[in-house]
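The values are calculated or read from the model by the stated rules, or taken from the named source; none is laboratory data. Remember, it's a predicted structure, so these values are computed and weren't measured experimentally. Positions of Cβ are backbone-derived with ideal geometry, glycine not excepted, and every protein chain shown enters the neighbour counts. SASA here: full protein model, heavy atoms, side chains in, ligands and nucleic acids out. Shrake-Rupley method; radii C 1.70, N 1.55, O 1.52, S 1.80 Å.
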Amino acid sequence: MFRRLKQGCVATIAVAVLLFASLSCVREVRLRVTKQMRWECAPEHYMPAYPEAQPVRFRYVENPHFDEIASGRGLCDQLKSRDKPVVAVEFEVWGDRVRGLRGFNEIAVDDKPIINVGGWGGSGGDDSKLPHPLETEFRHEVSMAK
């Protein structure tokens with residue numbers, strides 16, 4: 001009986017080691033994703049410590065239940081001068097095939113880089129049961145790259 005128990009423990013440990021090794025070999029994937037978004041200036045998120053940073057709330061056209069707040073040097077003024085209700089926001093997204101999307105940053109609006117000078121940033125949403133639009137896009141892109 002002791003021998004059978006010992007063999008079971010060895011097999012369990014071997015499986016655990018293989019599982020750990022396979023998960024630790026999962027490579028991080030970094031992508032650039034562009035989403036069409038509505039925007040509005042978000043002065044309620046202005047931070048006096050970062051006077052050049054103008055916060056803007058972006059809502060995904062495909063699912064307005066989710067929004068992103070990004071700050072950039074003169075960002076609100078730039079978007080006002082363009083007079084477009086919908087803009088193309090480029091994101092850098094990263095994650096892996098096992099856990100999916102792990103993080104993202106807004107990096108450009110209509111091909112113009114967002115100049116980071118500090119300030120507010122964040123992601124939010126209401127009680128939508130749908131997955132975050134960037135998670136959906138990330139899973140799609142990763143599955144296409146196999």
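Overview of results
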{"quantity": "Difference of contour (0.36 nm per residue) and Cα-Cα distance, residue 65 to residue 111", "calculated": "14.1 nm"}
{"quantity": "Dipole moment magnitude, nearest 20 debye, the range 45-146 about Cα centre, only Lys, Arg, Asp, Glu C-beta charged", "calculated": "120"}
{"quantity": "Charge tally in the Cβ shell below 14 Å around residue 67, where Lys, Arg are +1 and Asp, Glu are -1, residue 67 excluded", "calculated": "-3"}
{"quantity": "Rounded accessible area of residue 123 (nearest 10 Å², 1.4 Å probe)", "calculated": "70"}
{"quantity": "Net charge of Cβ neighbours under 12 Å - reference residue 136; Lys, Arg +1; Asp, Glu -1", "calculated": "-2"}
{"quantity": "15 Å Cα cut-off, lysine pairs counted over the range 33-146 (separation 8 or more, or different chains)", "calculated": "4"}
